[in-house]
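J.: Let me give you the structure first, and then I'll get to my questions.
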Amino acid sequence: MTKKDLCTYQGKQVKEKMTDCKKKFVRYKEGAEIYSIGLTKFRNLAKEAQAIYKIDGMVLVNCEIFEKFLEGFHL
């Protein structure tokens, strides 16, 4: 199995193996899938984390900022 195979399996990204090929920016839909949360919840959390970048009509979420924000919820 190559690094590329670890990131996609049958067309779906595998979260546990994404360390070598993780994107810095994702769109809402992709981010919700990666973090296994609903689209609206991901959108609200990304906004609260101030991890949103708007370019023309496109919105990108910075995963590094988002993950730091999520660590604040660790028990």
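Nothing in this text is a laboratory measurement; each read-out follows from the coordinates by a stated rule. As the structure is a computational prediction, the values presented were derived from the model and not from experiment. Cβ atoms come from the backbone with ideal geometry, glycine included; neighbour counts cover every protein chain shown.
J.: Where Lys and Arg each count +1 and Asp and Glu each count -1, what net charge lies around V59 among other residues with Cβ under 15 Å from its Cβ?
T.: Net charge in that neighbourhood comes out at +4.
J.: Could you give me the ³J(HN,Hα) list for the range 62-75, computed from phi with Karplus coefficients 6.51, -1.76, 1.60 and θ = phi - 60°, whole Hz, x at Gly and Pro?
T.: Once rounded to whole Hz, the list reads 7, 5, 5, 5, 4, 5, 4, 5, 4, 4, x, 8, 5, 8.
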